[in-house]
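Accompanying notes for the structure given below.
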Amino acid sequence: MPANKAKAAALAAVAVQPMPEGTKVVAQFKSADGESTGPPLNLPGDSEDPIPYSFYVGEDEIVKSLWIDRKDKSTEDTITIVYQPQAVFRVRAVSRCTSTLSGHTEAVLSCSFSPDGSQLATGSGDATVRIWDLNTETPRFTLKGHKGWVLSIAWSPDGKTLASGSMDKTVRLWDPKTGKSLGDGLKGHTKWITSLAWEPYHLNSKANRLASSSKDSTVRVWDTTLRRVIMTISQHTAAVTCVKWGGEGLIYTASQDKTIKVWNSSGVLVKTLQGHGHWVNTLALSTDFVLRTGPFDHTGKKYATEEESKAAALARYKAFKGSKPERLVSGSDDFTMFFWEPETSKKPLTRMTGHQKLVNHVSFSPDGRYIASASFDTSVKLWDGQTGKFLGNLRGHVGSVYQVCWSSDSRMLLSGSKDSTLKLWDIRKMKIKLDLPGHMDEVFAVDWSPGGDKVASGGKDKQLKIWRH
């Protein structure tokens with residue numbers, strides 16, 4: 001067989017084989033005159049989701065082809081197509097439970113991966129916080145000190161401190177490397193702690209300011225190095241259910257007095273957002289994911305100095321936010337959600353209706369393009385993250401849905417429910433991708449690691465489960 005024939009045969013044989021999953025082809029678009037139009041694109045070679053771009057005309061996504069999807073335009077019209085890049089990396093669907101970890105003696109109420117995804121913490125009704133070793137999937141530290149249920153936990157944006165808020169009215173700080181308590185509990189609230197939020201890393205790379213909200217209708221901002229309260233924000237007239245610290249330095253608080261208040265970082269009231277007819281339960285910011293991960297991105301790069309990582313966090317935040325203001329969504333006991341741009345207006349941009357029972361949890365996708373809401377009506381609903389327009393229902397749960405969380409590439413959503421299952425949803429198809437049974441009872445808490453390789457879930461059966469691809 002001549003050499004060139006053998007070579008051709010070998011190439012043909014390679015071409016027949018299925019392409020290894022995840023292989024990328026670099027494509028450079030050029031015009032007929034040889035001018036490069038735009039940067040080289042990394043296109044996945046496999047055709048399951050052939051484009052890391054999605055294309056929109058007006059508000060409608062082009063799914064099949066321009067001709068089919070745009071009936072009302074004549075061929076004479078100029079069509080403006082808006083393209084949006086999707087995540088350049090892909091998260092694989094978690095499909096199996098790799099560990100079921102016992103240890104907590106009461107329900108697991110919260111679970112959270114650290115900003116770089118290297119550590120996992122859980123808070124429980126047994127008054128302890130546990131830190132788990134993700135490499136061996138074994139318990140690492142049990143953090144004791146609280147006298148009541150641990151209702152919320154929050155990692156500092158540099159991953160060096162873990163905060164926990166409890167029924168015992170205190171906030172505690174822990175060193176996750178040693179499992180030791182950093183001093184005694186932070187006292188001041190007169191009722192239990194409902195939510196915690198750290199100041200974003202790009203605003204404060206020392207990561208030493210923490211806001212806690214409480215049933216006592218106040219929010220306290222603590223200096224975690226000096227371990228003292230910097231200010232108390234007290235203009236709500238009922239329990240504060242949720243606190244968020246935004247990327248522009250604004251603090252957002254939701255309350256059972258039906259309002260959301262916006263404060264600047266020195267504790268001055270900037271706006272009151274009104275409209276809900278009942279308790280406001282939950283808030284989500286379009287910037288949540290980029291603020292949560294700070295300087296850590298999907299490449300896993302480490303920075304030599306604090307200045308460098310602060311600059312990296314700021315660059316990531318700016319690139320994500322672009323020229324648009326931060327968006328806020330609130331979910332309430334009145335079955336509705338409101339979509340706000342608090343930086344520009346105190347009027348809601350839109351009211352999002354459709355749930356038939358209270359809205360328990362809302363969450364923006366990491367790329368800010370979708371909003372998912374979980375409700376006691378057993379449905380998860382999907383909304384447009386730019387406009388708040390309703391996109392569709394994700395139906396399948398047979399009990400209240402407590403929490404949702406996104407994969408870091410925004411292509412999948414996970415929900416945990418009272419029906420004891422986790423369900424994984426394919427956002428593009430708006431269909432269920434996988435059902436993940438395994439828990440013996442209600443699933444209260446679920447988190448997807450920022451790197452996308454692991455999911456942790458916990459609930460009433462006291463077990464922590466770790467799921468992988």
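Odds and ends about this structure:
- For the range 395-414, the candidate set comprises residues that are within 16 Å of residue 358 (Cβ to Cβ) and either aromatic (Phe, Trp, Tyr) or not in a loop (DSSP other than H, G, I, E, B) (or both); within that set, the residue that is farthest from the chain's Cα centre (by Cα) is 401.
- Picking from residues in the range 426-469 that are more than 17 Å from residue 400 (Cβ to Cβ) and among the small types (Gly, Ala, Ser), the one that is farthest from the chain's Cα centre (by Cα) is 438.
A quick yes/no check of all residues on (1) of a type in the set (A, V, I, L, M); (2) within 15 Å of residue 221 (Cα to Cα); (3) in contact (Cβ under 8 Å) with a residue 12 or more places away in the chain:
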residue: 151; (1), (2), (3): yes, no, yes
residue: 159; (1), (2), (3): no, no, yes
residue: 162; (1), (2), (3): yes, no, yes
residue: 168; (1), (2), (3): no, no, yes
residue: 172; (1), (2), (3): no, yes, yes
residue: 180; (1), (2), (3): no, no, no
residue: 185; (1), (2), (3): no, yes, yes
residue: 188; (1), (2), (3): no, yes, yes
residue: 192; (1), (2), (3): no, no, yes
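- Inspection of the range 369-377 identifies no residue that is aliphatic (A, V, I, L, M), over 23 Å from residue 298 (Cβ atoms) and in a loop (DSSP other than H, G, I, E, B).
- Conditions (1) more than 25 Å from residue 338 (Cβ to Cβ); (2) small (Gly, Ala, Ser); (3) touching an Asp or Glu at 6+ places or on another chain (Cβ under 9 Å); number of the one not met by residue 416: (1)
- Scan of the range 248-265 for residues that are over 21 Å from the mean Cα position of the chain (by Cα), open to solvent by 10 Å² or more (accessible area, probe 1.4 Å), touching a residue at least 24 places away in the same chain (Cβ under 8 Å) and closer than 27 Å to residue 322 by Cβ, ordered by number: 261, 265
- Qualifying residues in the range 307-326 (those that are aliphatic (A, V, I, L, M) and surrounded by fewer than 14 Cβ atoms within 10 Å (Cβ to Cβ)) - the one nearest to residue 401 (Cα to Cα): 319
- Among the residues of the range 423-462, those identified as farther than 26 Å from residue 297 by Cα and aliphatic (A, V, I, L, M) are 430, 432, 434, 436, 440, 443.
- Filter result for the condition that a residue is surrounded by fewer than 23 Cβ atoms within 10 Å (Cβ to Cβ) and free of Cβ contacts under 8 Å to residues at least 24 places away in the same chain, over 418, 389, 429: 429
- Condition met for residue 212 (free of Cβ contacts under 8 Å to residues at least 60 places away in the same chain and open to solvent by less than 10 Å² (accessible area, probe 1.4 Å)): yes
- Test: residue in the range 216-224 that is at pLDDT 95 or above, more than 22 Å from residue 289 (Cα to Cα) and open to solvent by 30 Å² or more (accessible area, probe 1.4 Å): yes
- Matching option when the condition is of a type in the set (Phe, Trp, Tyr), touching a strand residue (DSSP E or B) at 6+ places or on another chain (Cβ under 7 Å) and closer than 24 Å to residue 87 by Cα, among 383, 340: 383
- Residue in the range 294-305 that is loosely packed, with under 13 Cβ neighbours inside 10 Å, more than 19 Å from the chain's Cα centre (by Cα) and within 16 Å of residue 117 (Cβ to Cβ) present: yes
- Search result, residues across the range 327-363 that are open to solvent by 10 Å² or more (accessible area, probe 1.4 Å), of a type outside the set (D, E, K, R) and within 19 Å of residue 289 (Cβ to Cβ): 361, 363
- Against the numbered list (1) free of Cβ contacts under 8 Å to residues at least 24 places away in the same chain; (2) among the polar types (S, T, N, Q); (3) part of a strand (DSSP E or B), residue 323 comes up short only at (3).
The values are calculated or read from the model by the stated rules, or taken from the named source; none is laboratory data. Computed from a predicted model, the values in this text were never measured in an experiment. When we count neighbours, we look across all protein chains shown, and the Cβ atoms used for this are built from the backbone with ideal geometry, even at glycine. Heavy atoms of the whole protein, side chains included, go into the accessibility calculation; ligands, DNA and RNA do not. Shrake-Rupley method; radii C 1.70, N 1.55, O 1.52, S 1.80 Å.
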